[in-house]
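Scroll down for the structure; my scribbles are underneath it.
Just so you know, all these numbers are worked out from the coordinates, no wet-lab data involved. For clarity, every value in this text was computed on a predicted model and none was experimentally measured. Methodologically, a virtual Cβ is constructed for each residue, glycine included, from the backbone with ideal geometry; neighbour enumeration extends over all protein chains shown.
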Amino acid sequence: MKRILLRGAVVVTMSPNRPDSEHLDILIEDGLISKMDPHLEVYADEIVDFKDRILIPGLINAHIHSWQAALRCAGADWTLLEYLANAHAGLSSKYNPKDMYIAALFCALNQINCGTTTIGDWCHNARTPTYADQTIQGLDDSGIRAVYFNGTPHRIREAIHPIQEIDRLMRILKNHKLISVGMAIPGPQYSKLHVAKTDLINAKDRDIIVSMHQSGGLPGAAWKAVLDANLIGPHVNIVHGCDLPDEWIRLFVQAGATFTSTPENELSQGHGLPLTGRLLRYGTAPSIGTDTDTVVSGEVLVAARIALAHQRGQDHQQSLQETGLFSASPTITSKDALSWLTVEGARALGLADSVGRLEPGMQADIVAIDTRNLNLWPAHDPVATALQANMANIEAVMIAGRWRKREHTLIDVDTSSLRSKLFDSGQRLLGTLQSPGIVTRLRQKVVREVLMKKLRKKIESL
């Protein structure tokens with residue numbers, strides 16, 4: 001692979017022992033960052049002048065359901081109950097492997113376009129190995145880095161996760177440079193204790209990340225049982241966690257678990273309030289995801305800004321109640337929020353040794369932000385400027401030393417033909433929602449009744 005020299009940029013490395021921002025040249029060799037110095041005089045096959053740009057580590061969207069990309073914005077006004085009834089009870093069974101492929105490919109390309117170089121693809125519609133293979137093929141064809149969280153549909157969540165499928169996928173992806181395997185499981189919140197225990201043990205034995213949702217109710221006895229069995233640790237990722245009492249957060253943090261918040265979706269659909277501030281109080285921080293394109297934008301920078309603003313608002317309100325004044329200084333900084341998209345995302349996905357920071361020896365996953373645009377110039381604070389950027393400001397994206405976006409355009413991608421395929425897939429799927437058969441209507445009714453029963457129990461426990 002050729003040597004690439006990036007010159008003239010302001011660099012936000014996110015490394016703990018370096019300044020927040022600095023003028024650095026970066027040399028890339030064999031897909032890795034080789035050298036970093038204010039003035040590198042070395043041979044390179046390609047030299048890129050990034051004057052008036054900010055270079056940051058590739059962003060990490062730690063929780064997204066790529067398979068739902070064809071449903072983009074169809075559920076923007078759905079509550080959580082409606083989303084589960086429509087997307088899962090109504091539509092998920094209508095997918096075929098081709099739908100999975102085009103959704104994964106289009107979702108991943110959009111993420112790259114937005115400056116995301118790594119995703120945690122939480123695929124809870126892997127109905128057969130072919131569905132999984134087509135999703136992975138879509139990710140692979142996009143060139144994105146991903147942890148593919150293999151998951152099963154809601155209707156079979158009382159079954160132990162098919163570990164033979166995980167083993168098959170691990171064999172297939174053993175030497176893949178960009179895609180690795182994780183497990184997406186119901187966990188103690190949504191499955192029987194023996195199922196949750198077995199799934200967690202299987203993930204721990206294979207040293208892979210296992211991720212689960214926690215929302216829609218307080219943790220029950222099953223959570224305590226898996227905690228007491230020492231099955232919660234750094235390999236466990238908890239998504240949402242909005243309903244967790246402080247004591248449970250403390251216990252999970254103490255055990256080493258990571259948390260992923262999807263703040264825009266959590267606030268709009270009814271998961272609860274993002275737990276950002278409570279994690280910070282216990283000495284940790286969230287990674288950030290966008291969750292589902294069905295409901296919200298796929299821009300993880302937007303999600304991070306929402307998380308930051310929401311928590312600052314809560315902190316100001318608490319200060320006002322306690323002292324009569326708003327907070328005198330920021331309780332959370334822009335750098336904190338940017339770390340949720342980089343350092344914390346890498347930690348949640350088990351990739352902290354390779355991505356999330358710009359350092360020699362790390363993967364060359366790099367994003368160039370064009371500060372000459374009207375919404376960013378004159379970019380007085382590089383860290384804050386990077387956080388306030390949007391998709392239009394993302395000039396270039398490199399993954400593992402290979403350009404995937406240059407001069408504001410995705411490379412080697414025929415988006416027109418892909419748009420047509422995604423449109424056809426979405427139209428067909430949404431058409432089945434408009435005229436569901438008797439089985440789908442029954443399934444949706446059952447989901448609504450179960451969720452309403454859980455909601456009533458939750459209200460009664462308050």
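The alpha-carbon positions of the stretch 288-440 define a convex hull whose volume is 215 Å³ per residue. Per-residue extension of 0.36 nm, minus the Cα-Cα distance of Q164 and A255, leaves a gain of 30.0 nm for this segment.
Here the stretch 1-74 is treated as a sphere whose radius is the Kirkwood value from Cα pairs; by Stokes-Einstein at 20 °C and 1.002 mPa s it diffuses with a coefficient of 149 µm²/s. Each 5 Å bin, from zero up to the one with the longest distance, holds this percent of the alpha carbon pairs of the stretch 207-356: 2, 10, 18, 22, 21, 15, 9, 4, 1, 0. Relative intensity of the stretch 1-126 on a log10 scale, I(q)/I(0) at q = 0.13, 0.18 Å⁻¹, equals -0.70, -0.95, per a Debye sum over C-alpha point scatterers of equal strength in the absence of solvent. Treating each Cα of the stretch 316-377 as one equal point scatterer and applying the Debye formula with no solvent, the log10 of I(q)/I(0) at q = 0.20, 0.28, 0.29 Å⁻¹ comes out as -0.85, -1.10, -1.13. For the pair K94 and K177, the difference between a 0.36 nm per residue extended length and the Cα-Cα distance amounts to 26.7 nm. Cα-based values for the stretch 59-348, radius of gyration first and Dmax second, are 18.2, 60 Å. The relative contact order of the chain, computed from alpha carbon pairs under 8 Å that lie at least 6 residues apart in sequence, is 21 percent. Along the stretch 228-234 the Karplus relation, 6.51 cos²θ - 1.76 cosθ + 1.60 evaluated at θ = phi - 60°, assigns HN-Hα couplings of 5, 7, 6, 9, 9, x, x Hz to successive residues, with x for each Gly and Pro. Our note on the geometry: Cα centres of the stretch 417-433 and the stretch 1-53, 42 Å apart. Computed from label points 7 Å out along Cα-Cβ, the spacing between M1 and S329 is 4.1 nm. Taking 0.36 nm per residue of sequence separation and removing the Cα-Cα distance, the Q321/T128 pair yields an extension gain of 64.1 nm. Each 10 Å bin from 0 upward holds the following percent of the Cα-Cα pairs of the stretch 1-43: 30, 53, 17, 0.
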